[in-house]
Amino acid sequence: MTVLQIVFLGLGLATLVCAAMVVTSPKLVHAALWLIATLACVAGLFVLLEASFLAMVQVAVYIGAIAILIIFAAMLTRRVMAETGGQPNRNWWAAVFAAALLFVGLIGLLREVPAWSAAVPAALPLAPEPLLEDLGQSLVDVDRYVIPFEVASILLLAALVGAIVVARPSQRADEGEGT
Amino acid sequence: MTQDPVGWLGQLIHTFLVSLGLAPEWARALQAFLAAGALATAVLLLTFFLIWVERKILARLQDRLGPNRVGPYGLFQTIADAIKLVLKEVIVPSGADRVLYFLAPPLAVMSVVGLWGVVPLAPKLVGADINVGVIYLISIGAIGTLAVMLAGWSSNNKYALLGAFRTVAMLISYEVPMVVALLVPTMLAGSMGTVEIVERQREMWFVVLAPIAALLFFISSMAEAGKAPFDLLEAESEIVAGYNIEYSSMAFGMFFVGEFLHGFTIAALTVALFFGGWLGPGVDRFPLLGLVYFALKSAVVYFVVIWIRGTLPRLRIDQVNAFNWKFLVPLSLATVAATAVTDKLAAGLGWSRTLALLGVNGVLALATIVALTLYARSVRRRKARAERRIGAAATARG
């Protein structure tokens, strides 16, 4: 077994264990932290795939965002420190069913990929640096992802403007402060 | 050997490990661990010296002598302090989340030491030359935020939680102008790798091409490091000590070390990204000379960090956040847009790149100052009007 294979198996196992802890951990904050661990392991998998850009974005976006999520969890829920009992409720069998269906569907999709049956993994068509450039180009290429990219931009812009409108104090309150 | 001393040493160790009967693949993995350990140890040992430097300079700025009892010029004061910290009892508050409580301090140190992994210290002397170095800096910073949050939450202390909340609010906010300001050296160098960014500064340091971006990066990374005037993390008069209030012994020591090291780290990053890193005369003949240049430049920037820390008072939390969202973020967005357009225009029209970018930065700085003056005037006028109204109401009543 090569070093890479051992690392891959270890990371995959860690991802699964952490993911299981996310849905079974009795404390809300612990569940959020296990989620961070899961996403960190996924970032590790991205590194193994030589997608270092995705790995870094994964860490930057998710870990920062989940720190904020913990704040909300602590602020919006009562008795966060206390154990709230198990997470599973009466619908657990439906969740298991949906997860199993998704898993089978993904396996079915993956079987269509030509590399599935290949004994030797396919080499990367490009070196990492041009791969990153290609990602950037594809976001502004009319034939590729420019429309989803622009739609996402407008959505985020609308969210930004909305946040400002919501947070803006009303005109009367502003005068009352005498500022 | 004189051209690439570290590579030569690495080759030597590799040959030695292979001769011991290790497969080359495993030897390389082991070497990576050894190198990472060596870099982290060196950086943490440097902190002993940095704490002394910071205390000494701060003392001089405040007309004091600073540590001067242990060793020559008080040089060993930090070692004495460290021994004292290690010997103290580790106290865990009741109701604390033990695992998270002890996970936070190492994470805080890791988020700072991890930054050194991509800092190019000298030609061919860099932890890892990854092509996404700039994003790596940001993502490691996010782990520091997480450490603060964990420490504040797991302590089961309201002051700690309050301190953590406001710290996280500040750190997340100041990440925005930092990320945007980092886009400028990325654009100018055409790469996100820190090694490439340093190489591209051979013609001209980026601080000349993008002075505003350099300043924005410096200010926002000061805030990320929690240095005064942004030291809301430990506002003694408001929240006792902030997120690390319950920590004692070396658990506290780790936060302390991380914070002091962060001050020097932002100096090193500023130098690498904007002040030409290890570039200097004679570097190509003697690569290790680059290390000297890098250390000297970083020391100068580090002095400025301490100078600001010793001079400015702490800001209020609303001032800190208003300064970020109403001033730094718009300015950084304007800088990126202006730099991108000017750089392309200058290349297309055959203008001098340095002059064009410098001119645009000058115009931007002037516009900022005019806008600030007008804003200040309108605030003053509004205040005067409000005061007059209150005065009139008082006379009518009286």
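Points to keep in mind about this one:
- Hey, B:LEU12 at pLDDT 80 or above and either over 22 Å from B:THR265 (Cα atoms) or touching a Ser or Thr at 6+ places or on another chain (Cβ under 7 Å) (or both) or not: yes
- Filtering the stretch A:1-44 to residues that are outside any helix (DSSP H, G or I) and in contact (Cβ under 8 Å) with a residue 24 or more places away in the chain leaves A:SER25, A:PRO26, A:LYS27.
- The residue list B:THR194, B:THR186 contains one member that is farther than 19 Å from B:PRO106 by Cβ, touching a residue at least 12 places away in the same chain (Cβ under 8 Å) and surrounded by fewer than 22 Cβ atoms within 10 Å (Cβ to Cβ), which is B:THR186.
- Of the set (1) β-branched (Val, Ile, Thr); (2) closer than 30 Å to B:LEU9 by Cα; (3) open to solvent by less than 70 Å² (accessible area, probe 1.4 Å), all apply to B:THR41 but (3).
- Candidates B:VAL292, B:VAL271 - the one that is assigned to a helix (DSSP H, G or I) and either open to solvent by 30 Å² or more (accessible area, probe 1.4 Å) or over 17 Å from B:VAL195 (Cβ atoms) (or both): B:VAL292
- Residue in the stretch B:22-31 that is away from chain A (no Cβ under 14 Å) and either under 21 Å from B:LEU107 (Cα atoms) or open to solvent by less than 70 Å² (accessible area, probe 1.4 Å) (or both) present: no
- Looking across the stretch B:364-380, the residues that are of a type in the set (Val, Ile, Thr) and over 28 Å from the mean Cα position of the chain (by Cα) come down to B:VAL370, B:THR373, B:VAL379.
- The lone exception for B:PRO105 - which of (1) out of contact with any Leu (no Cβ under 7 Å at 6 or more places or on another chain); (2) open to solvent by less than 80 Å² (accessible area, probe 1.4 Å); (3) free of Cβ contacts under 8 Å to residues at least 60 places away in the same chain it fails: (3)
- Residue count for the stretch B:158-169, restricted to those that are more than 8 Å from chain A (Cβ to nearest Cβ) and surrounded by fewer than 23 Cβ atoms within 10 Å (Cβ to Cβ): 5
- From B:VAL360, B:VAL320, B:VAL379, residue being open to solvent by less than 60 Å² (accessible area, probe 1.4 Å) and within 14 Å of another protein chain (Cβ to nearest Cβ): B:VAL379
- Flag if B:LEU107 is within 25 Å of B:VAL304 (Cα to Cα) and not polar (S, T, N, Q): no
- Restricting B:SER94, B:SER155 to those that are among the polar types (S, T, N, Q) and crowded, with 22+ Cβ neighbours inside 10 Å reduces the list to B:SER155.
- Among the residues here, B:TYR375 does not qualify as among the aromatic types (Phe, Trp, Tyr), closer than 28 Å to B:PRO229 by Cβ and touching a residue at least 12 places away in the same chain (Cβ under 8 Å).
- 3 or more residues within 14 Å of chain A (Cβ to nearest Cβ) and within 18 Å of A:GLY64 (Cβ to Cβ): qualifying helices (runs of 4 or more DSSP H) within the stretch B:37-156: B:98-113, B:133-154
- Search result, residues across the stretch A:7-19 that are open to solvent by 70 Å² or more (accessible area, probe 1.4 Å) and either touching an Asp or Glu at 6+ places or on another chain (Cβ under 7 Å) or within 17 Å of B:ALA32 (Cβ to Cβ) (or both): A:PHE8
- The set of residues from the stretch A:20-48 being away from every other protein chain (no Cβ under 14 Å), within 18 Å of the chain's Cα centre (by Cα) and surrounded by fewer than 17 Cβ atoms within 10 Å (Cβ to Cβ) comprises A:ALA20, A:VAL23.
- The set of residues in the stretch B:363-376 that are open to solvent by 90 Å² or more (accessible area, probe 1.4 Å) and either among the polar types (S, T, N, Q) or more than 14 Å from chain A (Cβ to nearest Cβ) (or both) comprises B:VAL363, B:LEU366, B:ILE369, B:LEU374.
- Residues of the stretch A:63-97 that turn out to be modelled with pLDDT under 80 and open to solvent by 30 Å² or more (accessible area, probe 1.4 Å), as a count: 19
The values are calculated or read from the model by the stated rules, or taken from the named source; none is laboratory data. Keep in mind the model is a prediction, meaning the values are calculated, not measured. All Cβ positions, even for glycine, are placed from backbone atoms using ideal geometry, and neighbour counts span all protein chains on display. Accessible surface is based on the protein model in full, side chains and every heavy atom, while ligands, DNA and RNA are left aside. Shrake-Rupley method; radii C 1.70, N 1.55, O 1.52, S 1.80 Å.
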